[in-house]
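The values are calculated or read from the model by the stated rules, or taken from the named source; none is laboratory data. Bear in mind the structure is a predicted one, so any value in this text is a computation, not a measurement. No Cβ is skipped: glycine too gets one built from the backbone with ideal geometry, and neighbour counts run over all protein chains shown. Keep in mind that these areas ignore ligands, DNA and RNA; they rest on the heavy atoms of the full protein, side chains included. Shrake-Rupley method; radii C 1.70, N 1.55, O 1.52, S 1.80 Å.
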Amino acid sequence: QLVESGGGLVQAGGSLRLSCAASGRTFSSYAMGWFRQAPGKEREFVAAITWNGDGTYSTDSVKGRFTISRDKAKNTVYLQMNSLKPEDTAVYYCAAGKLGYVPLAVYECDYWGQGTQVTVSS
């Protein structure tokens, strides 16, 4: 099970840190990712990290603003979001990739959290 937390309402230019805590099983062998879904839009890739943390990926619109990291001892993945913009408003989901995959797309994910709302006001 994956449980996200840390979402909320923030003004443009502000920061939030999302957390994704795993329970019931360990995801230490899985690459992990963050996705988001805005109202009326499809779920889209935001950022991903390899199983051992030595590689990270992010979509162009968040490069230089968002940072993904993981703490294997805590079985937790983080998404640090800085310089937030109104267009970052969405429900953010944590996901574990299929074994052998870095989850860069929805179909490459095996497990999902329930999501946490991020709202950025202008």
Handout entry: Using alpha carbons only: equivalent-ellipsoid semi-axes of segment 52-113, gyration tensor based, whole Å
Key = 20, 15, 12
Exercise for the section: Compute all pairwise cysteine Cβ distances in the chain, then list the cysteines with no distance under 4.7 Å to another cysteine. Expected result: CYS109
Handout entry: Alpha carbon centroid spacing (whole Å) that separates segment 100-118 from segment 62-95
Key = 13
Problem - Proximal lysines to LYS98, defined as alpha-carbon separation beneath 27 angstrom and excluding residues fewer than eight positions away on the same chain - result: LYS41, LYS63, LYS72, LYS74
Practice task
Give me the net charge of MET81's neighbourhood, meaning all other residues with Cβ under 14 Å from the Cβ of MET81; Lys, Arg count +1, Asp, Glu -1.
Solution key: +2
Handout entry: Alpha-carbon Rg with Dmax, taken over the chain, Å
Key = 13.2, 40
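Would you mind getting the accessible area per residue of the chain, heavy atoms of the protein chains only, 1.4 Å probe, in Å²?
Per-residue accessible area for the chain comes out at 50 Å².
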Problem - Length-normalised contact order of the chain in % [C-alpha pairs under 8 Å, at least 6 apart] - result: 36
